[in-house]
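Chemist: I am attaching a structure below and will ask some questions about it afterwards.
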Amino acid sequence: MANIYTRDSPLWPPGDNATDTIIGGVHFNLTTLKHFNYTLYEGNWTLSNWSRCYLVDQPYTPPLLLSNGTFGMF
C-alpha cells in the first residue's frame, strides 16, 4: 500500500482579526489565501499554491491580494 503524506495546516502570522494575516508588513485576506490553497513556507518566505510561488519577504512582499487569488503588483 502506498503511503499518503499530507502537509500540515500552515500557521499564519496573526493579523487584526480571524480573517487577516500580516506578512512582510502587508495585510492579506486569510479567507482568500485558504480558498486558493496558498501555503506559507517560512523557511524561505514564499507563498505557494502548487501552481504559483511568490516571495513574500521584504522588499518582495506583494502589495495586494485580489479576490481571484492573484497578487497585484505595482
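Chemist: How about the chain: which strands (runs of 3 or more DSSP E) wholly inside it have at least 1 residues that are polar (S, T, N, Q) and either touching a helix residue (DSSP H, G or I) at 6+ places or on another chain (Cβ under 8 Å) or at pLDDT 90 or above (or both)?
Modeler: Per the criteria, 20-23, 26-29, 39-41, 46-48.
Chemist: Could you grab the pairs with beta carbons closer than 8 Å, sequence gap of 6+ or different chains, first residue in region 21-43 and under 12 Å from V56 (Cα atoms), second one assigned to a strand (DSSP E or B) and aromatic (F, W, Y)?
Modeler: Every condition considered, the pairs that remain are I22/F28.
Chemist: Turning to a different aspect of this structure: Select, from T39, T46, T31, the only residue that is of a type in the set (S, T, Y), under 9 Å from the mean Cα position of the chain (by Cα) and under 20 Å from D16 (Cα atoms).
Modeler: T39
The values are calculated or read from the model by the stated rules, or taken from the named source; none is laboratory data. Here the structure is a predicted model, which is why all the values come from computation and not from measurement. Note that we place each Cβ from the backbone using ideal geometry, even for glycine, and neighbour counts take in every protein chain shown.
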